[in-house]
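K.L.:
Here it is, the structure, as structure tokens.
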Amino acid sequence: MIKTITAARLTALATTAKSAARLRTNLNLHDSPDAPVQRLFVSTEPETYIRPHRHPRANKWELFVVLRGEIDLLIFSDSGKLLERINMSPTATQAVEIPAGTWHSYACKQPGTLALEVKEGPYIPTPEPDFAPWSPAEGSEESSAYLAWMRETLP
């Protein structure tokens, strides 16, 4: 079956993200968490906190393509030092493939930012050891200050 995603559907996704508790949401194109290729649109808002994490399995690369808005991809060392900040937008770097095992996060810079993420499946929720131990947990009191640091610190 052909799947079509209209501009109106993606705009509605952005509207949903604005009112979501985590200020982000996604639209899965794959049929199940067990699908061999995970394909999803992700809409984020500037105040969302995506805790730095990694995908250590060798097959867990991640392709991230920005379609609307602006976001910074942040790459960290094992000790939490910011190594690289890649500004992503439709007019800057539009796509990045992140190798497995790379500590990374995103800092959204514009409302209604929309990206397409593709990665090998199946979906496995990120276990605690794969969240950066030097970063605060999502929803913690410290996460707002850490997000502000992520948005402004340069490598």
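The values are calculated or read from the model by the stated rules, or taken from the named source; none is laboratory data. It should be emphasised that the depicted structure is a prediction, and the values quoted were computed from it without experimental measurement. Virtual Cβ from ideal backbone geometry, glycine too; neighbours counted across all protein chains shown.
K.L.:
In the stretch 113-152, what residues are part of a loop (DSSP other than H, G, I, E, B) and charged (D, E, K, R)? Step through it out loud before you land on a result.
P.N.:
We begin by selecting, within the stretch 113-152, every residue part of a loop (DSSP other than H, G, I, E, B); these are 121-127, 132-142.
Glu138, Glu141, Glu142 - these are the residues of the stretch 113-152 that are part of a loop (DSSP other than H, G, I, E, B) and charged (D, E, K, R).
K.L.:
Go through the stretch 1-112 and tell me which strands (runs of 3 or more DSSP E), entirely inside it, have 2 or more residues that are crowded, with 18+ Cβ neighbours inside 10 Å, in contact with a strand residue (DSSP E or B) (Cβ under 6 Å, 6 or more places away or on another chain) and hydroxyl-bearing (Ser, Thr, Tyr). I'd like the intermediate steps shown before the answer.
P.N.:
Numbers: elements: 24-28, 37-44, 62-68, 71-76, 82-88, 95-98, 103-108.
Answer list for the stretch 1-112: 37-44, 103-108.
K.L.:
Which count do you get for residues in the stretch 117-139 that are farther than 19 Å from Ile75 by Cα and surrounded by 13 or more Cβ atoms within 10 Å (Cβ to Cβ)?
P.N.:
Counting residues in the stretch 117-139 that are farther than 19 Å from Ile75 by Cα and surrounded by 13 or more Cβ atoms within 10 Å (Cβ to Cβ) gives 3.
K.L.:
Further question on the same structure: Given the options Phe64, Phe76, Phe41, name the one that is touching a helix residue (DSSP H, G or I) at 6+ places or on another chain (Cβ under 9 Å) and aromatic (Phe, Trp, Tyr).
P.N.:
Working: Phe64 fails: touching a helix residue (DSSP H, G or I) at 6+ places or on another chain (Cβ under 9 Å); Phe76 fails: touching a helix residue (DSSP H, G or I) at 6+ places or on another chain (Cβ under 9 Å).
That would be Phe41, the only listed residue that is touching a helix residue (DSSP H, G or I) at 6+ places or on another chain (Cβ under 9 Å) and aromatic (Phe, Trp, Tyr).
K.L.:
Let me ask you something else. From the set of residues in the stretch 144-155 that are surrounded by fewer than 17 Cβ atoms within 10 Å (Cβ to Cβ) and in contact (Cβ under 8 Å) with a residue 40 or more places away in the chain, which is nearest to the chain's Cα centre (by Cα)?
P.N.:
Initial filter on the stretch 144-155 (surrounded by fewer than 17 Cβ atoms within 10 Å (Cβ to Cβ)): 144-145, 148-149, 151-155.
Then drop every residue that is not in contact (Cβ under 8 Å) with a residue 40 or more places away in the chain, which leaves 144, 151, 153-155.
Details: Ser144: 17, Arg151: 14, Thr153: 18, Leu154: 19, Pro155: 19 Å.
Going through the qualifying residues, I end up with Arg151.
K.L.:
Filter the stretch 113-130 down to the residues that are without any contact (Cβ under 8 Å) to a residue 24 or more places away in the chain and among the acidic types (Asp, Glu) and list them by number.
P.N.:
Listed by number, the list holds a single entry, Glu128.
K.L.:
Return the pair list, or none, for Cβ contacts closer than 7 Å from residues in the stretch 56-71 that are farther than 27 Å from Pro46 by Cβ to residues that are of a type in the set (A, V, I, L, M, F, W, C) and assigned to a strand (DSSP E or B), at least 6 apart or on different chains.
P.N.:
Sorted first by the residue in the stretch 56-71, then by its partner, the list stays empty.
K.L.:
Oh, and also: Collect the residues in the stretch 42-60 that are more than 17 Å from Tyr146 (Cα to Cα) and at pLDDT 95 or above, keeping them in residue-number order.
P.N.:
The initial filter retains those residues of the stretch 42-60 that are more than 17 Å from Tyr146 (Cα to Cα), namely 42-44, 54-60.
Passing the criteria: Val42, Ser43, Thr44, Arg54.
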